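Take a look at the structure below.
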Amino acid sequence: MARQGRDEQMIGLTIDGRPVRVLPGATIWEAARTLGIDLPVLCHDPRLEPVGVCRLCLVEVGEPKLTAACVRGAEEGMEVRTSSERLEVCRRGLVELLLSDYPVDVSRLPKTGSDALVELAGELGADWPARRRSGETGEAPGSRTEPAGGIPAGDGRALDHTSKVIFVDHQACILCDRCIRGCDDLQVNEVIGRTGKGYRTRIAFDLDVPMGESTCVSCGECEKVCPTGALSLRGWETLPEDAAAPGVEGWEVL
Amino acid sequence: MVRSRVGSAIHMKWKLVRGEEARPKYVVCNADESEPGTFKDRVIMEELPHLVVEGIALGAFVVGAEKGIIYIRHEYGRAKAALEAELDRARLAGLLGSGVLGSDFNLEIEIFVSPGGYILGEETALLEALEDRRGEPRNKPPFPGQVGLRGRPTLMNNVETLALVPGILRHGVSWWESAGRDGHSGLKFISVSGHVERPGVYEIPTGTTVAELIELAGGVSGDRALKAFAPGGASSNFLPAEHADVPIDFATIEERGSMMGSGALVVVAEGTPLLPLAANIVRFFRNESCGKCVPCRLGTQKATEMIEATIESGAPLDWSVIRKLNLLLGETSICGLGYVALNPLISVAEHWPGEVPGCSAEAPE
Ligand code: SF4
Ligand code: SF4
Ligand code: FES
C-alpha cells in the first residue's frame, strides 16, 4: 500500500524519448542519471546543493530558453532533449570561454590525473592549445593563457602560495562555487566565499586574506571538490624551502 | 476589444499570486530603476507618490499580503523622501497599519534602500539582496509569484505599473483602453533623452509615434536630422530614422525589431558614430554583470575587449567570434542582462554595417 502511494506521487517525464519516473523534487540531471545519461557538469557535484552557474548541463525542454538540468526540477510530462546541434555548440562555446582564461600550463593534471575542464575540452573538441607541463610555479602571471576558439585570452590573476597544504591559482578558478559549498556546507568551516563582481569576481578566504593567513584548517575538502587546477594539493617537491617566502604573487592586479 | 499588454500582465500576475496558498505573502514594488536613459519611475515617485502607495495597497489587498516593500535605488533620495511622507500620511489616515479603514485587513509598507547596482533590479537578484545575500539572479523557475521573498509567494511590479492601478480601478477599463490612440490602449510614461531639445519624462497615449514624441521633446537638438533611436533603453536594439513612424506600443515596436523595454527613448542625431555608443553599452553590461554565470561573466568582458581593440586600432572585429559570444549570452545566461548584452552592437552592425569594421563583408546574423 505504502509502495503504491509512493508510485502515485512519482513524476513521469521522457528524456531523449525514454520514459522515466522520479520522486518529486528530483532534478532533470538526477532523472537523466537513472537512465545512465551522463550530462556534462562543472559546477555540480551530487554531494552539494546545485547552483547552476557553469551552464554546461544545459538541456532543451521545449521552452524558448535552454535550462540547466542540475537545478531544474523534473516536471510531469516534460520532454527533455540532452543532445542536439544547438546544445553541442553552446557547450563547446562555454568551455572555450573558460579556457580562454585558463592557464595552459595545467597544474592539477600531473598531480591527480584529472582536470574536469581540460577533459571536457577534449570531449567537446574545443579549440585550445593545452600544454601539459608540470609545475605550479611556472611562469609569472601575464603570459599563462592562450586564446580559445578565437576568443581573446585573459590573464593576470594571483597565485597564492601561502597555505602549506593547498596551492591556489586564481587564474584557473572557474567560479563554480564547489569549494565554497564544500567548505561551508559539507565541512561547516565557512572559510571560503566570493568577492568582487562580474569579471572581477573571485573566491576569497575569510574577509579576503591569503589562504595561509585565513581560518582554514587544511581539511582538504575544497581541493577535493575543485574541478580545475585552481586548488591543488601542494606536493612535497614544491613546498617552498622557506615556507614564508613566496607569499602571494600578483595580488595587486586583482 | 483591444486589451492592453500591461493590463493583461497585471491581471495574470495578481491572479497567480492570489491563488497561491502559502503564507505570508509579500508585495514588492521594484523601484530600482537603473537602465541607462530611464528615469520615469523617479519622476512618478517624486510627483505622484500617492499613486504608488495606493497601487501597492491594492495589490496587497487583492493577493492577500500584509507586507509591502518598496525596493528603491540608493541614488533616489528625493523619491524616497516623497514616499516616506506619503506613507506617513497614509498611516495617519488609517490607510496603513492594523485594521485598515476599520476592516480586518492589515498592511505595513516599508522602504528598503538597494545596497547595490544595476543587477539588483532583476527581480530575483532583488529578492536575494532583500534576504541579505550577494545580489545575484536565481535560476528560474520557480518564479517569485510562487517562490519569492523568503520562499513565499511575492507579487512584484514596477513603479509605473502599480501607479496605474488606482486610475484604472477608478475610471474603468474602457477609460483606460480609450486613452490610447488609433486602436492602441492606455497611457505610457516615457523617459526621453539623448539629442533632443527638452529631455524629460513624457506621458503619452500609446500609439503616439516616435517622431511625434521627439517633436514633443523639442525636436532633435542643434537642428540636426535624426539618425537612430533606441526605443526601450540601453538593452533595446537601435533602429534607423526611417522607423520613427512607429507607433509606440509593445507589439508595434517589436514588429520593427526592437522593444519597449524600460520605456526610455534614446535619440541619436545625424553625425554621431554608433560603434562607440554600442561599445559604451556593452561596457556597461560588462561592468554590471554580477559574475554568477559563465557566459555573462566572461562573454561581456571578451566582447568589450574586442570592440575596444577595434575602436582603438580600426582593425576589423572578428565577427564570427562576436556572433558566438552573442549566441552563448542569449542561449545560456541565467538572466536578462546576459541575454541582451550584445543586442545594441548587433543592431548597429545590422543597420549600419559600414560603421562596424569586420561585419560589412557578411550579413551580421
Ligand atoms: S577554486 Fe575550484 S572549486 Fe573553487 S570556485 Fe574556483 S574552480 Fe570552483
Ligand atoms: S546573465 Fe550576467 S547578470 Fe545575469 S546571472 Fe548571469 S552573470 Fe549575473
Ligand atoms: S552543472 Fe549545471 S550549471 Fe553547472
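The values are calculated or read from the model by the stated rules, or taken from the named source; none is laboratory data. Since this is a predicted model, take the numbers as computed values, not measurements. Every residue, glycine among them, receives a Cβ derived from its backbone with ideal geometry; neighbour counts consider all protein chains shown. The protein model used for the area step is the full one, side chains on, heavy atoms only, and it has no ligands, DNA or RNA in it. Shrake-Rupley method; radii C 1.70, N 1.55, O 1.52, S 1.80 Å.
From helices alone, the protein assembly as shown scores -10000 deg cm²/dmol at 222 nm; the rule is -39500 (n - 2.57) for each run of n ≥ 4 DSSP H residues, then divide by the residue total.
Of the listed residues A:194, A:144, the order by accessible area with a 1.4 Å probe, largest first, is A:194, A:144. Legend: calculated FRET efficiency, residue B:5 to residue A:233, from the Cβ-Cβ distance at R0 = 60 Å, rounded to 0.05, equals 0.55. For peptide A:95-102, compute the average count of partner chain beta-carbon atoms within 10 Å of each residue's beta-carbon. The per-residue average across the peptide is 3. Within 10 Å of the Cβ of each residue in A:49-57, the mean number of Cβ atoms contributed by other protein chains is 4.
The dipole here belongs to the range A:140-199: it is taken about the Cα centre, uses +1 on the Cβ of Lys and Arg and -1 on the Cβ of Asp and Glu, and is about 80 debye.
Cα extents for the range B:180-269 along the principal axes, largest to smallest and rounded to whole angstrom: 34, 23, 20. Here, the protein assembly as shown is characterised by an Rg to Rh ratio of 0.99, where Rg is the alpha-carbon radius of gyration and Rh the Kirkwood radius. Listed by chain and number, the lysines whose C-alpha is less than 20 Å from the C-alpha of residue A:164, apart from same-chain residues fewer than 8 away, are A:111, A:224.
Here the simple spin-label model places points 7 Å from the Cα toward Cβ, and for residue B:311 and residue B:18 these points are separated by 4.9 nm.
Modelled spin labels at residue B:225 and residue B:254, positioned 7 Å past Cα toward Cβ, are 3.2 nm from each other.
Extension gain, residue A:208 to residue A:38: 0.36 nm times the residue separation minus the Cα-Cα distance gives 57.6 nm. Contact order, relative form, for the range A:1-83: 37 percent (alpha carbon pairs under 8 Å, 6 or more residues apart, mean separation divided by residue count).
Is the shape of the range B:5-171 rounded, prolate or oblate, going by the alpha carbon gyration tensor and its root eigenvalues a ≥ b ≥ c, with a/c under 1.5 for rounded and a/b larger than b/c for prolate?
On the way: a/c = 1.41, a/b = 1.09, b/c = 1.30.
Since a/c stays below 1.5, the shape of the range B:5-171 is classed as rounded.
Only protein heavy atoms count here; on that basis, with a 1.4 Å probe, residue B:175 has an accessible area of about 100 Å².
Based on the Cβ-Cβ distance of residue A:185 and residue A:88, what FRET efficiency does E = 1/(1 + (r/R0)^6) give at R0 = 30 Å, to the nearest 0.05? For R0 = 30 Å, the calculated efficiency reads 0.40. The value of relative contact order for the range B:274-355, using C-alpha pairs under 8 Å at least six residues apart, is 38 percent.
Packing here is the average count of other Cβ atoms within 10 Å per residue, and on that basis the peptides B:51-63, A:39-51, highest first, run B:51-63, A:39-51. Taken about its Cα centre, the range B:222-352 carries a charge dipole of roughly 500 debye when the Cβ of each Lys and Arg holds +1 and the Cβ of each Asp and Glu holds -1. Averaged over peptide A:188-200, the number of partner chain Cβ atoms lying within 10 Å of each residue's Cβ comes to 4.
Between the beta carbons of residue B:178 and residue B:112, assuming R0 = 25 Å, the FRET efficiency works out to 0.10 to the nearest 0.05. Compared with the dominant principal axis of the Cα atoms in chain B, helix B:5-19 is inclined by about 50°.
Per residue, the accessible area of the range B:133-251 comes to 39 Å² when a 1.4 Å probe rolls over the protein heavy atoms. Toward the positive end of the charge dipole of the range B:230-284, with +1 on the Cβ of Lys and Arg and -1 on the Cβ of Asp and Glu, the farthest Cα among B:250, B:276, B:232 is that of B:276. Once divided by 2.2 N^0.38 Å, the Cα radius of gyration of chain B becomes 1.03.
Placing unit charges on the Cβ atoms only, positive for Lys and Arg and negative for Asp and Glu, gives chain B a dipole magnitude near 980 debye about its Cα centre.
Modelled label positions at residue A:194 and residue A:123, each set 7 Å beyond Cα in the direction of Cβ, lie 2.3 nm from each other. From the Kirkwood radius over Cα pairs of the range B:274-355, Stokes-Einstein at 10 °C and 1.306 mPa s returns a whole-number translational diffusion coefficient of 128 µm²/s.
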